[in-house]
Every structure is written in C-alpha cells, then in structure tokens.
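The values are calculated or read from the model by the stated rules, or taken from the named source; none is laboratory data. Quantities reported herein were computed from a predicted structural model and do not represent experimental measurements. Virtual Cβ from ideal backbone geometry, glycine too; neighbours counted across all protein chains shown. For the accessible areas, the whole protein counts, side chains as well, though only heavy atoms, and no ligand, DNA or RNA atoms are used. Shrake-Rupley method; radii C 1.70, N 1.55, O 1.52, S 1.80 Å.
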Amino acid sequence: MRFPRSTAVILAVALLLQGCIVSRWRVGNPIEEESLSQIQKGATDRDQVVVLLGAPDRIIQGNDKEIFQYYYYDAKSPALLLGLLNIITFNVKSDNLYVFLDKGGIVRDLVFGKRTDTVEFTLRPWGK
Amino acid sequence: MRLWGWLHSVVILFLCLTISSCSVRRVNFNEPIAGGALTFITTGETTLQQIVDRLGAPEDIITTGDQFIAEFKWSTTRSSSLDFGHVFKVVSPVTPSMTLSGTGINVERFLVICDDRLIVRSYAFGKVDEHAFFEFWPF
C-alpha cells in the first residue's frame, strides 16, 4: 500500500507546526492619526482634545503647562516549543503622543511618534 | 561491545531528558538607538518632533525648571532555564521541578533636553547595561 503524498505533506506540516505558538498582545488604544490632524496648535483646547482622543493615559504637569500623554503598545510573540528546546521571543514596540497645553488649556505643541507599524513576529533569541 | 552500545543509548537518553526542558526567551522593547543615527541633531536648531520623526516617540517626558527632558528607552531581556526535574520522568509518575535559570535585562536610555519651545539644547546616552546574556548557572 502506497502512502499518499498529500497525507505525507500534511503530516510533515503538522509535525513542524507542533509546539508552534503565535500570540499578540496590545495595551491601550491605537492613536488615530485622523483625530490628530484635527488638533490645531493655538486653537484646540483641552476639552476638544479629550473629545477627539479620549482621556489621557497620563498627565504630566510643570513649567505652567500640562502634558497629556497617550500610549499604545503592540507586542508580537512567536514561540517554538520543540520539547528538547523551547524558544520564545516577545517583540514590543510603543506609540506615544504628547499634547502640550498652556496655562489656558490651549494646545501649544504635539509630539507624536509611531513604532508599532514595524513590530514583527521574529523568532530570534540570539544575536543583537 | 554490546555493553558499550547500551551505555551509549543511556547517555544519549540522559542528555535528551536533561535538556528536554531547556528554554531560551528574549524580550525586545523598541529598537535600539545608535549614536550614528543622531548626526542630524543640531543643538539650538533641531526640534523634539524632528527627533521623534526619526527615532520614534520618547517613553517619558519630565519637566524641570523651564526645560523638558524627553527619555527614549529600549531594552533587551534574555532569559534561559534548564529543568533537571525531567530526568525523573523515567522513574517517577510526578515530575519534580529542579530548575536552574538566569535572566538579564539591559535597559538603555537616550535623554534629550529641550527648552520651552521644544528645541533641543543637549542630549546624552545613559550608561549601557551588559546583563542580557543567556546564563544557565545562577551561582
């Protein structure tokens, strides 16, 4: 009796994928660039910022200013549990938005950086 | 000759069982910032947003006097463990845990000091940690 080739392929793939774990973790809400574009320096006030972006994750105070911080973390974690050797990698990147408000609660500056679009499922525990 | 064959098999089985719960883990938080990537910064001219456009946003901003300090942070964690308890799987219905493990975390920082208008006044790297390597012997 011949062993069907397709069965062999399915069996091989199943064996290779055995112990393979792929997981994704997210913290916070993604910062929507569309909402950011509606914030005008020198015009938008604190209340409008909250309407557009929601309540800040953190408020930093000082220099007669208030800074609203919004953050979002995205993590991709591949793992290979081979029995003899288990390899687990956890890649995390962050997006952060800082909205600088003056004494009157008007937006003076915006600082936004996005990294989460480059987070990858890379299983590489060694190396740099 | 036959004894040698048996011994060989036992040693291989023992080694397989010994490393059967060897784990290596790595956690990467953000991309490292290299000194060479900062050549575009000119103090007194470059703004914080220009730095953020190239390096991503800082993890924290603190205020001090009339200045802002932006802290960029990235880290690498490496962890490894070896559970010798699995050797007992052959003779015992329960598997005790006899684990040797080590974890090292490198947290690195890049600080940018900005004035009230978010123009860069100075910048510096924090001291580099060198703990993140795979280590099975904790003693």
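Only one residue of B:THR42, B:ASN30, B:SER9 has its Cα farthest out toward the positive end of the dipole of the range B:1-84, where Lys and Arg carry +1 and Asp and Glu -1 on Cβ, and that residue is B:SER9. Note on the protein assembly as shown: lysine pairs with Cα distance below 13 Å, sequence gap of 8 or more or different chains, count 5. Inter-chain neighbour count for B:60-66: the average number of beta-carbon atoms from partner chains within 10 Å of each residue's beta-carbon is 5. Share of carbon and sulfur in the accessible area of chain A stands at 57%, probe radius 1.4 Å.
Between B:ARG121 and B:GLU31, the modelled label-to-label distance comes to 3.0 nm, taking each label 7 Å out from Cα in the direction of the beta carbon. Calculated on the Cα set of the protein assembly as shown, radius of gyration then Dmax: 25.7, 90 Å.
Comparing the full protein assembly with the isolated chain (1.4 Å probe, heavy atoms, ligands and nucleic acids excluded), the residues of the range A:36-64 losing at least 30 square angstrom of accessible area are A:ARG58, A:ILE60, A:ASN63.
Return the carbon/sulfur percentage of the accessible area of chain B, one whole number, probe 1.4 Å, all protein chains in place. Here it works out to 62 percent.
Each stretch of four or more DSSP H residues adds -39500 (n - 2.57); spread over every residue of chain A, this sum gives -5500 deg cm²/dmol at 222 nm. Total buried accessible area between A and B, probe 1.4 Å, nearest 100: 2900 Å². Computed with the Debye formula from one identical point scatterer per Cα of the range A:24-89, without solvent, the log10 of I(q)/I(0) at q = 0.12, 0.16, 0.21, 0.26 Å⁻¹ comes to -0.49, -0.67, -0.94, -1.19. Neighbours of A:GLY113 by Cβ distance under 12 Å: Lys/Arg scored +1, Asp/Glu scored -1, total -2.
Calculate log10 I(q)/I(0) of chain A for q = 0.09, 0.14, 0.21 Å⁻¹, where I(q) comes from the Debye formula with a single equal point scatterer on each Cα and nothing for solvent. Reported log10 I(q)/I(0), two decimals: -0.46, -0.73, -1.12. The residues B:GLU135, A:GLU33, sorted by heavy-atom accessible surface at 1.4 Å with ligands and nucleic acids left out, run A:GLU33, B:GLU135 from largest to smallest. Rolling a 1.4 Å probe over the protein heavy atoms gives the range A:1-90 an accessible area of 67 Å² per residue. Computed per residue of chain B from DSSP H runs no shorter than four, each worth -39500 (n - 2.57), the mean residue ellipticity at 222 nm is -5500 deg cm²/dmol.
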